[in-house]
Structures are given as C-alpha cells and as structure tokens.
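The values are calculated or read from the model by the stated rules, or taken from the named source; none is laboratory data. Treat the numbers as computed from the prediction; the structure is a model and nothing was measured. All Cβ positions, even for glycine, are placed from backbone atoms using ideal geometry, and neighbour counts span all protein chains on display.
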C-alpha cells in the first residue's frame, strides 16, 4: 500500500512571514507612519487653537486672530525624526518653550519692553505669556496613541499583503 503524498506550496506564506520579520527588523516605515500621525495631530492643534487634550488655548490680548498662528512659523516648524527605534517630534524654534510652558518676561532694570500691537508701539515693564501647550507633555493622549497604533497596523498589514503599507 502506498501512502499518499501531499505537497503544499507555502511560498506565499513564507514570503509574507519574511516581510513581517523585515518590519520587525527594520521598523523605520512603522516609525515614520507614527511620526506622520503625531505631526498631523500637533498641527491640527494649531488649527483649532487647542492643546493635545483638546483644551482651548488662552485667547490673545494684543491682536486679533488665533494664538500662535500670526505667521505660522511655529506650526510650520513641527517635524519628526526617526532615531533608532524611536520617533522624536518637535520644533527647532528657540521660542517654542515660551509658548509651550508660558513665561513672564521682565525688562532689565531701568528699561522697558517694546513691541507693536496693531502697528502701534507699546512700552511695558513686564509681559506674561500664557502657556499654550502644543506638544503632549507626560504621555500621548489616548486618541493619539490609538491613531499611532492604527498607522503601525497599516504598515504591518501592507507588509503581510506584500505592498508596503507605509504610503499614507
């Protein structure tokens, strides 16, 4: 009696598993996807004048418009970088901490601060800039974490299906 021989062509499965292994060995596509999500979330906060938890920023006192949107330099500077197995999101603007954490600025002794409000010069001894957080501070808001996991899932799904998945 001859034992029947069954052959299974598992090339597709092996190929898919190899693509998944590659995602784990080189997580840059997944980390880039997370970076894009976080950058977008931060920039959306500028558009809506809200912090990462959805709280509205303090209103402006000396001009019309939205806080931190006058020329858009701070919002436009938000970017991310993949460093090893991490994503770093932030800005290179030196004045960013003033807006993130707030500040009290005082003129030097015998001097005054000078700036313009609607084209008119203003002279004061001190100014208080309220905190208008645009970066998460202690941890990612839950929705941001969920969206980041979804972005990673798209990359993994794309690798499994054999078409990348990083293009989003």
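Tabulated data
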{"quantity": "Filter result for the condition that a residue is under 30 Å from residue 15 (Cα atoms) and either touching a helix residue (DSSP H, G or I) at 6+ places or on another chain (Cβ under 9 Å) or free of Cβ contacts under 8 Å to residues at least 40 places away in the same chain (or both), over 155, 124, 89, 112", "calculated": "155"}
{"quantity": "The listed residue being within 30 Å of residue 31 (Cβ to Cβ), surrounded by 12 or more Cβ atoms within 10 Å (Cβ to Cβ) and touching a strand residue (DSSP E or B) at 6+ places or on another chain (Cβ under 6 Å), out of 91, 50", "calculated": "50"}
{"quantity": "Failed item in (1) at pLDDT below 95; (2) within 16 Å of residue 42 (Cβ to Cβ); (3) surrounded by 12 or more Cβ atoms within 10 Å (Cβ to Cβ), with residue 122 passing the rest", "calculated": "(2)"}
{"quantity": "Test: residue in segment 135-145 that is in contact with a strand residue (DSSP E or B) (Cβ under 8 Å, 6 or more places away or on another chain), part of a strand (DSSP E or B) and touching a residue at least 12 places away in the same chain (Cβ under 8 Å)", "calculated": "no"}
{"quantity": "Subset of segment 17-50 (residues that are farther than 18 Å from residue 152 by Cα and either part of a helix (DSSP H, G or I) or in contact with a helix residue (DSSP H, G or I) (Cβ under 6 Å, 6 or more places away or on another chain) (or both))", "calculated": "42, 43, 44, 45, 46, 47, 48"}
{"quantity": "Test: residue 68 is in contact with a helix residue (DSSP H, G or I) (Cβ under 9 Å, 6 or more places away or on another chain), outside any strand (DSSP E or B) and closer than 30 Å to residue 30 by Cα", "calculated": "no"}
